[in-house]
Structures are given as structure tokens and as C-alpha cells.
Amino acid sequence: VLKWIRSLPADRYVPPAEPTLDFAFFRACVQQVFAKPREGHIRCSNCHNAGIIGFAAPPGDGRDSWKDDEAKRAFQLISRVIVPGDPNHSRFLLKPLHPDAGGSYAHNGVRRWQSRSDPEYQMLAEWIAGKRTGNTCSE
């Protein structure tokens, strides 16, 4: 039996590595979502700008873009509500997704996406899955 165990490939029972979240894509594309309200909605940053839920703070001092330290802090905070490689279990996507589309019932804010086929939702899900990288939002 020991000979057979040693003959197995070393990575046979090791799960594949989780993809890492790409900071450049976060900075160029994901962070822009926080600042842009959908029609009839408020910005994510209206509620998620400080404290334990503060991943979407607007740029400081009336600027249009985030400084490096602001973006890194937001990236660190949002990483807590994301399961890399698994958008279907990432609270970042489940909270603002309508429950009829599989979203969480526990979100006090608006439902940003009515379905998983929403292009913005798809872009964010692909980033979490590790398929979107770099600093370009469109493919």
C-alpha cells in the first residue's frame, strides 16, 4: 500500500489554488462601480463609505480618483466579502443581487442587479472568478 501511495502524483489530492483578486482591475473597473449610481438608485458609497462596511469610500478632498493608499484600503476591505474564484458565494455580489436571482435577503440597501445576466454583475463575477485582470474594463 505504501508503494502505491508513493506512486501517486504529489498534487493528486491538493485542491487547485484560488485565483487572486487583481488589484489593477479593482482600481480601474471595480472601484468605479462604487461611485456610479444606477438610474433611480444611490451610490454604493452612500452607505458603504466608512466603518466595518466601508469598502466604497469616495475619493477624499473632492477628487475624482482615489489615491493609492485609499484604493489599497478599499481593496483590503472588499476582499473580506469575496471568496476568490467563487462569485456565487461572495457577499459582495449576493447582497445587492435581487433575491429572485439568488441574492441575499439580508441587504438594507437597494438591489443593484435584478439578475445575474446584468453586464455589470457579470464583469464583477468574472473578476472574482479570476478571469478579468489588468486595467481595462471591456474585453
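May I ask you to verify whether Ala125 is within 23 Å of Pro15 (Cβ to Cβ), of a type in the set (A, V, I, L, M) and out of contact with any Gly (no Cβ under 9 Å at 6 or more places or on another chain)?
So Ala125 passes the test.
Could you please find all residues in region 109-124 being under 16 Å from Gly40 (Cα atoms) and among the polar types (S, T, N, Q)?
Gln114
Hey, any hits in region 7-21 for a residue that's free of Cβ contacts under 8 Å to residues at least 24 places away in the same chain and assigned to a helix (DSSP H, G or I)?
The answer is yes; a qualifying residue exists.
Somewhere in region 23-36, is a residue more than 21 Å from Pro119 (Cβ to Cβ) and either at pLDDT below 95 or β-branched (Val, Ile, Thr) (or both)?
no
Starting from region 65-89, keep only residues that are touching a residue at least 40 places away in the same chain (Cβ under 8 Å) and under 21 Å from Arg116 (Cα atoms), then list their pairs with residues that are open to solvent by 40 Å² or more (accessible area, probe 1.4 Å) and outside any helix (DSSP H, G or I) whose Cβ atoms are within a distance under 6 Å, requiring at least 6 positions of separation or different chains.
Pro84/Glu18; Pro84/Pro19; Gly85/Glu18; Gly85/Pro19
Among (1) surrounded by 14 or more Cβ atoms within 10 Å (Cβ to Cβ); (2) closer than 27 Å to Ala17 by Cβ, there is one condition Thr136 misses while meeting the rest; what is its number?
Looking at each condition in turn, Thr136 falls short on (1).
What tally of residues in region 41-52 results from selecting those that are without any contact (Cβ under 8 Å) to a residue 24 or more places away in the chain and either loosely packed, with under 15 Cβ neighbours inside 10 Å or among the hydroxyl-bearing types (Ser, Thr, Tyr) (or both)?
Residues that pass the stated criteria total 5.
Answer yes or no: is there a residue in region 97-106 that is under 23 Å from Ser138 (Cα atoms), surrounded by 15 or more Cβ atoms within 10 Å (Cβ to Cβ) and touching a residue at least 12 places away in the same chain (Cβ under 8 Å).
Yes: one or more hits.
So Asp64 clears everything in (1) surrounded by fewer than 13 Cβ atoms within 10 Å (Cβ to Cβ); (2) at pLDDT 95 or above except one condition, right? Which one?
Status for Asp64: all satisfied but (2).
Kindly provide the set of residues from region 107-133 that are open to solvent by less than 50 Å² (accessible area, probe 1.4 Å), more than 18 Å from Ile53 (Cβ to Cβ) and small (Gly, Ala, Ser), ordered by number.
The answer is Ser115, Ala125, Ala129, Gly130.
The values are calculated or read from the model by the stated rules, or taken from the named source; none is laboratory data. All values reported here derive from a predicted model rather than from experimental measurement. Glycine also receives a Cβ, built like all others from the backbone with ideal geometry; neighbour counts cover every protein chain displayed. Please note that ligands, DNA and RNA were not included when accessible areas were found on the heavy atoms of the full protein model with its side chains. Shrake-Rupley method; radii C 1.70, N 1.55, O 1.52, S 1.80 Å.
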